[in-house]
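Please read the structure below before turning to the comments.
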Amino acid sequence: MINHENNASLQQALSPFLENCKSIGFVPTMGALHKGHLSLVEQACKENDCVVVSIFVNPTQFNKAQDLEKYPRTLDSDLELLKSIKGNIFVFSPNASELYKNNISSKKYNYSGIENEMEGKHREGHFDGVGTVLNLLFRVVKPNKAYLGEKDFQQLQIAKKLVEIENLPVTIIGCPIIREKSGLAMSSRNKRLREKQLNEATLIFKTLKEVQQNFDILNFSQLNKLVENTFKKNRFLELEYFEIANSKTLQTESSKSPNTSYRAFIAVFVDGVRLIDNIALN
Ligand code: AMP
């Protein structure tokens, strides 16, 4: 398994696959890999002739300099983890100037309003940064299929819209959320937490499960109250937002409509570390 740090070297390695119409799977990541990432790579390896895993902490999707600075970077152990997977894997870990050339900035996207909900509301410019980096990566890697996790459900919808907007011949495949035994969604940011904080953070998924279990019994306002009250009682966790949204449009609705699929979305600070999660409700 070779780690390519520049576009030309990756493209040269991939050229026999392109020339022979072999399928290229792609898993974009920001590194600090865990079993959630590996599940995407495993699925991609099963469904393609080769797989590219990018490891790139994208500066344009962070709206807080400190968050970018503190993002865990563990390239050596990431490469070790990837070696444990059977498959034809190419790693791509460019630096910002290799990928962005001399213009490290975001392109503005209109994703039909999805960008203005939840993560978009709380992290200004985030999805412009995500769209920009995915567009750059897709143009270098030229994958047939790209695998993204439902852990970042809104980002997954954004990626689907992006390929339409940019007219890219890539199929976006959503993959299920992988969790710790405790239910906590695996995340690179969990690496910044100590045991006590990790224990407290299990309340996030427990609360989502409680919302799911009560979805048929309580209305949206009661469910919102339930979540607010749960987090008010915990001094280690700070709720940033909880929203029940239409799974397709990601718009929040004030009451249930028939034949509509809903999901609950949550963002919580654990001692300054921001964690997100979501769950299907019906
Ligand atoms: P990140 O490195 O956090 O940008 O994540 C890279 C990809 O892995 C994204 O498509 C994420 O949605 C996905 N991912 C992250 N955590 C998980 C998880 N716990 N389960 C499934 N996919 C995940």
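Values quoted throughout were computed directly from the atomic coordinates according to the rules given, and no laboratory measurement underlies them. All of these numbers come straight from a predicted model, not from anything done at the bench. Methodologically, a virtual Cβ is constructed for each residue, glycine included, from the backbone with ideal geometry; neighbour enumeration extends over all protein chains shown.
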Exercise. Could you pull out the chymotrypsin sites (Phe, Trp or Tyr not before Pro) across region 160-232 that fall in loop regions by DSSP (anything but H, G, I, E, B) with no more than 10 other Cβ atoms inside 10 Å?
Key: none
Practice problem: Using only C-alpha positions, report the orientation-averaged shadow area of the convex hull of the chain, nm², one decimal. | Solution: 15.0 nm²
Quiz item: Pick from 113, 129, 149: which residue has the top mean-square fluctuation in a GNM of the chain where Cα pairs under 10 Å get a spring?
Solution: 113
Quiz item: So how strong a dipole does the chain carry about its Cα centre when Lys and Arg Cβ are +1 and Asp and Glu Cβ are -1, to the nearest 20 debye?
Solution: 340 debye
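Rounded to the nearest 500 deg cm²/dmol, what is the calculated helix-only ellipticity per residue at 222 nm for the chain, with -39500 (n - 2.57) per DSSP H run of length n ≥ 4?
After summing the helix terms and dividing by the residues of the chain, the value is -12000 deg cm²/dmol.
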Practice problem: Evaluate the relative contact order of region 12-161 (contact order divided by residue number), counting alpha-carbon pairs under 8 angstrom at least 6 apart; express in whole percent. | Solution: 30 percent
Self-check item: Phi-based couplings in Hz for region 268-282 (Karplus 6.51, -1.76, 1.60; Gly and Pro marked x)
Solution: 9, 8, 10, 6, x, 9, 8, 10, 10, 7, 7, 8, 6, 9, 8
Quiz item: Between 78, 216, 49, which gets the highest mean-square fluctuation from a Gaussian network model of the chain, Cα cutoff 10 Å?
Solution: 216
Practice problem: May I ask you to give the average projected area over all directions of the convex hull of the Cα atoms of region 221-282, in nm² rounded to one decimal? | Solution: 4.4 nm²
Self-check item: Percentage relative contact order, the chain, counting C-alpha pairs under 8 Å, at least six apart
Solution: 17 percent
Quiz item: lysines near residue 233 by alpha-carbon distance under 19 Å, same-chain residues fewer than 8 away left out - which ones?
Solution: 196, 206, 209, 225
Exercise. Give the range of the longest stretch in the chain that excludes all trypsin sites (Lys or Arg not before Pro) found in loop regions by DSSP and having at most 15 other beta-carbon atoms within 10 Å.
Key: 109-180
Quiz item: With charges only on Cβ, +1 for K and R and -1 for D and E, what is the dipole size of region 54-183 about its Cα centre, in debye, rounded to 20?
Solution: 240 debye
Quiz item: Between region 12-47 and region 151-199, what is the C-alpha centre distance in whole Å?
Solution: 16 Å
Quiz item: Rounded to a whole number of µm²/s, how large is the Stokes-Einstein D of region 85-205 at 10 °C and 1.306 mPa s, given Rh as the Kirkwood radius over C-alpha pairs?
Solution: 96 µm²/s
Self-check item: Top positive-direction residue, dipole computed over the chain with Cβ charges, set 21, 134, 242
Solution: 242
Quiz item: What residues have an amide H closer than 5 Å to that of residue 53, excluding those fewer than 5 places away on the same chain, when H is modeled at 1.01 Å from N in the peptide plane?
Solution: 27, 90, 91, 92
Exercise. Name the residue farthest towards the positive end of the dipole of the chain from the options 178, 223, 199, assuming +1 on Cβ of Lys and Arg, -1 on Cβ of Asp and Glu, about the Cα centre.
Key: 199
Self-check item: Of the DSSP H helices in the chain, those whose Cα atoms cover at least 27 Å axially and whose Kyte score averages -1.0 or more
Solution: 195-214
Practice problem: Compute the relative contact order of region 129-174 as a whole-number percentage, counting only Cα pairs closer than 8 Å that sit 6 or more residues apart in sequence. | Solution: 49 percent
Quiz item: Highest GNM mean-square fluctuation, the chain, Cα pairs closer than 10 Å: which of 260, 60, 249?
Solution: 260
